[in-house]
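Asker: My structure is below; once you've seen it, I'll send some questions.
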Amino acid sequence: MAAEVSTDVLVVGAGGAGMYAAISAARNGADVVLVDKSLISRGGATIMAQMTVAAAVGEQEPDHWTHHLRDTLEAGRGLCNEELAAVLCEEAPVRIREMEEWKVGWAREGNHLKQVMAPGHQVERCVYVDFLNTGPAVAKTLRTQLGRADNLRRAGELTVTDIIVDGDQVVGAVGLDVETGEPVRIEANAVILAAGGLTRLYQRNSASVNMGGDSYALALRAGAELIDMEFVQFFPIGHLAPRMVGMDPIMWDPFRYKLGGRLLNADGKEFVQNYGHAETTDKYTAPRDVVSFAILQEVAAGRGSPAGGAFLSFKHIPEDELRSAFGPVIDRLAENGIDLRERSVEVAPIAHYHMGGIRVNTRMETQVSGLYAAGEAVGGANGANRLSGNAISEAFVFGERAGRFAAGAAAGRDREWSDAAAESAVERIRASRDISATDYGPSLAGLLVDLQEIMWRDVGLLRTEGGLAAALRRIREMRREIGDRPSESDHRFALSMQDWFDLWNGLLAAETIVLGAIKRTESRGAHQRDDFPRTDPGQAQNLITRLEGDALCVETTALVKNPIAVEPLEANR
Amino acid sequence: MTQETAMLRVQRGGPDNEPTFDEFAVPYREGMSVLDALIWVRANTDSSLAIRYSCTNANTCKECMVKVDGKTVYACTARLGREPVTVGPLTNKRLLRDLVTDIVPPKEKLSLLLGRE
Ligand SMILES: Cc1cc2nc3c(=O)[nH]c(=O)nc-3n(C[C@H](O)[C@H](O)[C@H](O)COP(=O)(O)OP(=O)(O)OC[C@H]3O[C@@H](n4cnc5c(N)ncnc54)[C@H](O)[C@@H]3O)c2cc1C
Ligand code: FES
């Protein structure tokens, strides 16, 4: 039987990386299909990003991409794939300018792009769209370009559940039609995985509901490798309480950066300075990992806020200063009953970004012929810790490259769909037809909440061998419990089936983090072991994960080095 | 602190049946949204409840529109009070199931890609 859809290049996930990849593949001559489990451009992290995008365009002050690279490698604590990092930094300015041509509306100052400082950068390098509107503007701009491209079809509400590999060649994918609960077969010469990250696997996160690790599970099952999965970035002062609606939980960063909010424990005392870093109230200088660690230790010592974090107070800041810095946002806070003159808020670290991911070369190729990856799904460029602003640049740069190289590889090849290779994937979805609409087992949505709690408690900011071992046992138990096909079905708007696939993927992705965290017996960047508090120079190597049968295997591999001299700076404006 | 409860009356069913209503009791938390309550119901009481949402907090995806007491709102920014509320699907869109309607833009429909329309 023929597949329902046939194309040269299939792009999975329509965030910044997937949309860029689709546009790029189309302009390089390929027929393209772009799909998303949610709606095009709306389901992932891209549309939620509020702040900045790093690129050495050098308009604010002299800069050069080799300087951006130096800062990126430094933040990555020795683990970056230096080839990927170089590509990211060298091409970021090209993509920023292309987005400008597409009228994204980067903030300007006089006759140049406005660029601001962000933690870890040595020059004013980060562009943005006012006011706190970077993500929505980026999403809208790319979606408009999708509409202008030739040979590009796109559809929401299709959850890709398996990449289909015949022999050692990708031949397409199978997905779940969310509206009908039916399988959809898509024949393609090349597939680009741009399905985003995994921070939804943590109880406290900044994620959307579609960021549960599908990219990694799809790649593993297709035979591709993952790299450095133990590195999950936590954002130190995510919003915790009171419940605030209609606001991004990472919003306090610009507040603190601009105004200098005070971090206080339950005794009303500042504490960050007690953890090896002097922090003053007028400057916000302590590195993110230090602040996260300090909050955690205060909570452990019984000096946490009621909801289990720290207090962030702006009470010392005059109202007119608050207003002039954040005008309309102050009103939105008021709607949430938060008057910063009267009350402090509670903050705590939250899972925010994944450094680990699919292992690719600079052509964005995985080890499987025809399978590419782009965006947050890719691992390696940011090493053990990501520099702020690099994630959106990464989505653009890797997306553009994946589209270009995939189009090149797909051109002129015959399509070779194989029903035999796709059979088990199709059956997995069809099997749910036999389940009656009232036949609900243990709530899968509830199991996901359990997984989030385990990941937060035992695989979060501060890890121990005992905690990791307990998490591994429970995750493996849960993998057995859910079986190998959906156990619930709703036949129309198949959310329960979706829950099952979310768990199926999420549990596998979670296990890769745990295994990496067990194997890495040191503390480095975002991976902190209570029982191995120091960085071990002997472990300056990457961890590779692959799936063999049903079992995950982790082994070490040498770093990818690519020494590049830092160019002297000259004014280029 | 005593555990307070919020009550929701939620419309159920697809386009082919008369709608029915289910009542759900949800633990109340200061400032919680209608979406928080619906997510809690799926995880703890009835996972067959269909809702559509993505970003959950940021109010950027604009996927979660429903009717609360007859008024069109975003479920993620509509606050739940202590009074019971009735939650239903948008009435100007094709109903898929429970609270989910077809809000997919015409050029991005899967049925179009599949050549079904
Ligand atoms: C709240 C927030 C704020 C941020 N702020 C910044 C910032 O200021 N600067 C910065 O550089 N970075 C920021 N980041 C990080 C950055 O936004 C992301 O790393 C980047 O947008 C990822 O882009 P992406 O295209 O790879 O993934 P996403 O934008 O997450 O897109 C992935 C898409 O894949 C879809 N998908 C998932 N699984 C499947 C499947 N099985 N089948 C089909 N589709 C699927 C999802 O629905 C989603 O639409 C922020 C992140 C968050 C969460
Ligand atoms: S859940 Fe995204 S806007 Fe409501």
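Asker: Describe numerically, in nm with one decimal, the distance between label points set 7 Å from Cα along Cα→Cβ at A:D450 and at B:R9.
Answerer: 3.5 nm
Asker: List the relative contact order of chain B as a percent without decimals, with contacts defined as Cα pairs under 8 Å and 6+ residues apart.
Answerer: Details: 194 pairs, mean separation 32.9, N = 117.
Across chain B, relative contact order equals 28 percent.
Asker: Then there is this: Can you give me the relative contact order of chain A as a percent, contacts being Cα pairs under 8 Å and 6 or more apart?
Answerer: Once normalised by length, the contact order is 23 percent.
Asker: Sticking with this structure for a sec: Using only alpha carbon pairs under 8 Å that are at least six residues apart, calculate the relative contact order of the stretch A:1-123 and give it in whole percent.
Answerer: Here the relative contact order equals 19 percent.
Asker: At a Förster radius of 56 Å, what calculated FRET efficiency corresponds to the Cβ-Cβ distance of B:R82 and A:D414, to the nearest 0.05?
Answerer: About 0.30, to the nearest 0.05.
Asker: What's the extension gain from A:R473 to A:S369 if we count 0.36 nm per residue and subtract their Cα-Cα distance? Please list the in-between numbers first.
Answerer: On the way: separation 104, 0.36 × 104 = 37.44 nm, distance 3.39 nm.
Taking 0.36 nm per residue and subtracting the Cα distance, the gain is 34.1 nm.
Asker: Restricting attention to the stretch A:118-203, which chymotrypsin sites (Phe, Trp or Tyr not before Pro) occupy a DSSP loop and are surrounded by at most 15 other Cβ atoms within 10 Å?
Answerer: Working: sites: A:Y128, A:F131, A:Y202; in loops: A:Y128, A:F131, A:Y202.
Hits after loop and neighbour filter: A:F131.
Asker: Right, here's the next one. Give, as ranges by residue number, the residues of the stretch A:160-200 whose backbone N falls under 19 Å from the point 7 Å along Cα→Cβ of B:L114.
Answerer: Those under the cut-off are A:160-164, A:172-188.
Asker: I've got another one for you. Between A:G403, A:L472, A:S388, whose Cα lies farthest towards the positive end of the dipole of the stretch A:377-496 when Lys and Arg beta carbons carry +1 and Asp and Glu beta carbons carry -1, centred on the Cα centre?
Answerer: Working it through, the farthest residue towards the positive pole turns out to be A:S388.
Asker: Quote the FRET efficiency, to the nearest 0.05, computed for A:A301 versus A:A2 with a Förster distance R0 of 51 Å and r equal to the Cβ-Cβ distance.
Answerer: After rounding to 0.05, the efficiency reads 0.20.
Asker: Excluding A:F326 itself, calculate the net charge of residues whose Cβ lies under 11 Å from the Cβ of A:F326, where each Lys or Arg counts +1 and each Asp or Glu counts -1.
Answerer: The answer is +1.
Asker: In degrees between 0 and 90, to the nearest 10, how far off the longest principal axis of chain B does helix B:34-44 point, with axes built from Cα atoms?
Answerer: Value to nearest ten degrees: 90.
Asker: To the nearest 0.05, what FRET efficiency results for A:E109 and A:E321 with a Förster distance of 25 Å applied to their C-beta separation? Mind dumping the intermediate values first?
Answerer: Values: r = 21 Å, r/R0 = 0.85.
According to the calculation, E is roughly 0.70.
Asker: Next up: For B:K109, list the aspartates and glutamates whose Cα falls under 16 Å from its own Cα; do not include residues on the same chain fewer than 8 positions away.
Answerer: The reachable aspartates and glutamates, counting only those whose Cα sits under 16 Å from B:K109, are A:E4, A:D36, A:E157, A:D177, A:E179, A:E182, B:E63, B:E117.
Asker: To the nearest whole number, what is the average tally of beta carbon atoms from other chains within 10 Å of the beta carbons of peptide B:59-65?
Answerer: 6
Asker: Also: If the reach is capped at under 17 angstrom between alpha carbons, list the lysines near B:K67, excluding any in the same chain fewer than eight residues apart.
Answerer: Reachable lysines: B:K93.
Asker: Could you work out the equivalent-ellipsoid semi-axes for the stretch A:437-543, taking the square root of 5 times each eigenvalue of the Cα gyration tensor, largest first, in whole Å?
Answerer: Equivalent ellipsoid semi-axes, largest first: 34, 12, 10 Å.
Asker: For the stretch A:77-93 and the stretch A:523-556, what is the separation of their Cα centres, given in Å?
Answerer: When both Cα centres are located, 21 Å separates them.
Asker: Could you give me the radius of gyration and the Dmax of the stretch A:235-351, taking only the C-alpha atoms into account and expressing both in angstrom?
Answerer: 13.3, 38
Asker: Rounded, prolate or oblate: which one fits the stretch A:306-461, using the alpha carbon gyration tensor with axes a ≥ b ≥ c (rounded when a/c is under 1.5, else prolate when a/b beats b/c, else oblate)?
Answerer: Oblate, because a/c is 1.5 or more while a/b does not exceed b/c.
Asker: Moving on to the next point. For A:V11, list long-range residues whose amide hydrogen, built 1.01 Å from N in the peptide plane, is under 5 Å from its own amide hydrogen.
Answerer: Residues meeting the criterion, in which the H sits 1.01 Å from N, are A:V33, A:L34, A:V35, A:I192.
Asker: Checking the a/c ratio against 1.5 first, then a/b against b/c, what shape does the Cα gyration tensor give for the stretch A:376-482?
Answerer: oblate
Asker: Next question, about the same structure. Using 0.36 nm per residue of separation minus the Cα-Cα distance, give me the extension gain between A:T557 and A:E423 in nm, one decimal. Don't skip to the end; give the middle numbers.
Answerer: Numbers: separation 134, 0.36 × 134 = 48.24 nm, distance 3.47 nm.
Stretched fully, the A:T557-A:E423 segment lengthens by 44.8 nm.
Asker: Go through A:V209, A:P136, A:I358 and say which Cα lies farthest out towards the positive end of the charge dipole of chain A; charges sit on Cβ, +1 for Lys and Arg, -1 for Asp and Glu.
Answerer: Comparing the listed Cα positions along the dipole, A:P136 ranks first.
Asker: Next question, about the same structure. Nearest-5 percent of antiparallel DSSP beta bridges in chain A?
Answerer: Numbers: 47 of 69 bridges.
Bridges in chain A are about 70 percent antiparallel.
Asker: Can you put B:D36, A:D536 in order of Cβ neighbours within 10 angstrom, beginning with the fewest?
Answerer: Least to most surrounded, the residues fall as A:D536, B:D36.
Asker: Follow-up question, since we're still on this one. Rank A:A300, A:T535, A:L451 by how far each Cα sits towards the positive end of the charge dipole of the protein assembly as shown (+1 on Lys, Arg Cβ; -1 on Asp, Glu Cβ) and give me just the farthest.
Answerer: Value computed over the given set: A:A300.
Asker: On to the next question. What order do you get for A:I250, A:I544, A:I163 when you list them from fewest to most C-beta neighbours inside 10 Å?
Answerer: Values: A:I250 22, A:I544 19, A:I163 26.
By the 10 Å Cβ count, ascending: A:I544, A:I250, A:I163.
Asker: In terms of the Cα gyration tensor, with a ≥ b ≥ c the square roots of its eigenvalues, is the protein assembly as shown rounded because a/c is under 1.5, prolate because a/b exceeds b/c, or oblate?
Answerer: Numbers: a/c = 1.36, a/b = 1.08, b/c = 1.26.
Rounded is the answer for the protein assembly as shown, as its axis ratio a/c remains below 1.5.
Asker: Another question, if that's okay. For the pairs A:K114/B:K62; A:K103/A:K140; B:K71/B:K107; A:K37/B:K62; A:K258/B:K62, note any where the Cα-Cα span goes beyond 21 Å. Kindly include the intermediate steps, with their values, before the conclusion.
Answerer: Details: A:K114/B:K62 29 Å; A:K103/A:K140 10 Å; B:K71/B:K107 28 Å; A:K37/B:K62 15 Å; A:K258/B:K62 29 Å.
The answer is A:K114/B:K62; B:K71/B:K107; A:K258/B:K62.
Asker: Amide H of A:L240 versus every other amide H placed in the peptide plane: which residues, excluding those fewer than 5 positions away on the same chain, fall under 5 Å?
Answerer: A:E346, A:V347, A:A348
Asker: Fewest first, what order do B:I103, A:I237 take by the number of other Cβ atoms within 10 Å? Walk me through the numbers before you get to the answer.
Answerer: Details: B:I103 16, A:I237 28.
Ordered from fewest to most neighbouring Cβ atoms within 10 Å, B:I103, A:I237 come out as B:I103, A:I237.
Asker: Also, I was wondering about something else. What residues have an amide H closer than 5 Å to that of B:S33, excluding those fewer than 5 places away on the same chain, when H is modeled at 1.01 Å from N in the peptide plane?
Answerer: Answer set, sorted by chain and number: B:L80.
Asker: On full extension of the chain, what length is gained from A:E567 through A:D536, given 0.36 nm per residue of separation minus the C-alpha to C-alpha distance? Spell out each step's value before the answer.
Answerer: Values: separation 31, 0.36 × 31 = 11.16 nm, distance 3.06 nm.
Working it through step by step, the gained length comes to 8.1 nm.
Asker: I would also like to ask the following. Taking a cut-off of 21 Å between Cα atoms, list the lysines near A:K269, but don't count ones fewer than 8 places away on the same chain.
Answerer: A:K283, A:K315
Asker: Treating the beta-carbon of each Lys and Arg as +1 and of each Asp and Glu as -1, no other charges, what is the dipole magnitude of chain A about its Cα centre, to the nearest 20 debye?
Answerer: 780 debye
Asker: Treating only the Cβ of Lys, Arg, Asp and Glu as charged (+1, +1, -1, -1), what charge dipole size does the stretch A:24-158 show about its Cα centre? Round to the nearest 20 debye.
Answerer: I would put it at about 620 debye.
All of the numbers you see were taken from the coordinates with simple rules; none came from a lab. Note that the structure is predicted; figures quoted are calculated from it, not measured. Heads up, the Cβs are rebuilt from the backbone with ideal geometry, glycines too, and the neighbour counts pull from every protein chain shown.
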